[in-house]
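Scroll down for the structure; my scribbles are underneath it.
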Amino acid sequence: MKAGNQILGIRQSRRKFLQMSAFLGSSALLVACSPAAAPAPSGEGAEESAMESTTISWWNGFSTESVQQVAPQIVADFESLNEGIKVEFELSGGPPGGGQLMEVLLSRIAAGNPPDSVTIWSAPSEFGAQGALVELDDMMAQATHATADAFFDGPLNSCRWDGKIYGLPASAGAGSVFINTDMFEEKGISISRDDFPVTWDELKALSAEFVEYDGANLVTGGFVPWADSWLKPVWSGLNGGLLFDAEGNQYLIDSDENVQWMEYMVQWLDEQYQGDIEALNVAGNWGSVYPDSVFHQGRTPMASSGSWACTDVDFPFGWEIAKFPVGPSGSASVTGFWPNWWALPKGTGHPQEAFLFSEYFCTEGWITWYKVIFDTPAWRGFPEGVVTQKLIDTQGDERAQEIHNWYADYLNSTVDMWNSPVEAFASDTLDTTISEILHKTKSPAEALSEAQARIQSHLEETMKG
């Protein structure tokens, strides 16, 4: 297995993981009754405690060869810097003893015997809102590296709920457009990022240059902007919209900007793909750049993905990356992100030690991780000059550093996402809604209005407990 392939495994598991988060609603009362985190020792007791060795447990869903290589080194480095703390962990793809990570974790939280630290692939805000995680604000205020201003705003906001922080983002792979430069050059189109479309109208026009049909058979496609589901908040944001207002605890799915976004997608479908979403879906996988996608097969010149694809995928052609263009009601290019989060389950017996471990992994430890796995750091203090070796091997030192810098800079322009207490339910409902719109069973305004009512109602019921 190649070093970067752990990211694909994580993202293929995300849907199952998000579905498990629905277990939160039924577990909320049990969580509320579970023991609170033990207070930090003080005075002479603290000095005695510091002399003793403390063993903490870390749960995660990792199992791939690349993580097997790098994670033990990070743990060993942490232990050498913190001689009184030992970390028990395994890299088996789930919790010790087997089972679904989230299901077992929430059961253990409810029973009062959770692990001390856990890596999760669904936003801490969702679990923090249900009382399943420890608030980190006080510990972050005293932290050496993981302070509240130490991370990019978007990824850290995915850890917030009701003004409190419930997790630390280690990575934040930003989304972008991937370009097959060979196909561009065959048509005499510039492959410079500076020349890439900056508006939806320009992108749609560029896409149309590549669309080719043989009767009803789609031979070559252009760009399919709705294909990559996790980027829904981005396309809303590109048109000046927002899916969820965390501060107001309010969904905004049927806003004018979002209705216009969906109307634009239907227009794109009609103009370039004969108005037939089912035929387009049958023609291939448009929502990926991996080997099973039409992009990788050279049947479309553009597709969207995350930064991890730069090393996760061995492209059989030249490639470039570009920012997402802006919609008719938008004002600036924005992107989304896909993190790894570290959190402390409610009821941990060693909150201070677990925080130190989580802090280290998400900051200094990520230096070791990033040398092997191209997972863009969420930590603003990440040192210059550290780049994933595979990216250097395939792209050369200068281009590898430039790609790293480009994605890191794009993280300054992220939309708010992964920040709802009903993230999984909302995402699934909106996927169904977009499918209805593109299949033309409902108008954009009608479908989004129904989705708004359903998701907001579910949110309010969930927050009642």
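Some observations on this one:
- Centre separation in Å (Cα based) which lies between the stretch 398-413 and the stretch 205-282: 26 Å
- Based on Cα contacts under 8 Å between residues 6+ apart, the chain shows a relative contact order of 25 percent.
- Computed over the stretch 58-154, the Cα gyration tensor eigenvalues convert (square root of 5λ each) into semi-axes of 22, 21, 14 Å, ordered from largest to smallest.
- The calculated 222 nm mean residue ellipticity attributable to helices in the chain amounts to -13000 deg cm²/dmol, summing -39500 (n - 2.57) over DSSP H runs of n ≥ 4 and dividing by all residues.
- Prolate/oblate/rounded call for the stretch 398-465, Cα gyration tensor, a/c under 1.5 rounded: oblate
- Among the GluC sites (Glu not before Pro) found in the stretch 196-254, those both in a DSSP coil and sparsely packed, with 14 or fewer other Cβ atoms within 10 Å of their Cβ, are Glu209, Glu247.
- Principal-axis analysis of the Cα atoms of the chain puts helix 397-410 at an angle of about 80° to the longest axis.
- Whether the stretch 350-465 is rounded, prolate or oblate, judged on the alpha carbon gyration tensor where a/c under 1.5 counts as rounded: oblate
- Ratio of the Cα radius of gyration of the stretch 120-274 to 2.2 N^0.38 Å, where N counts its residues: 1.37
- Normalised by 2.2 N^0.38 Å, where N counts its residues, the alpha-carbon radius of gyration of the stretch 349-414 equals 1.27.
- The chain: antiparallel DSSP beta bridges as a percent of all, rounded to 5: 70 percent
- Rotationally averaged projected area of the stretch 209-274 (alpha carbon convex hull; nm²): 5.2 nm²
- Three semi-axes describe the equivalent ellipsoid of the chain; taken as square roots of 5 times the Cα gyration tensor eigenvalues and ordered largest first, they are 39, 26, 18 Å.
- Hull volume in cubic angstrom per residue (convex hull over the Cα atoms of the stretch 306-394): 156 Å³
- Close amide H pairs (under 5 Å, H built 1.01 Å from N) link Gly347 with Ala37, residues at least 5 positions away or on another chain.
- Three-way shape call for the stretch 338-383 based on the alpha-carbon gyration tensor, with the a/c threshold at 1.5: prolate
Throughout, read-outs are computed from the coordinates displayed, never taken from laboratory work. All of these numbers come straight from a predicted model, not from anything done at the bench. Cβ sites come from the backbone with ideal geometry, for glycine too, and all protein chains shown count toward neighbours.
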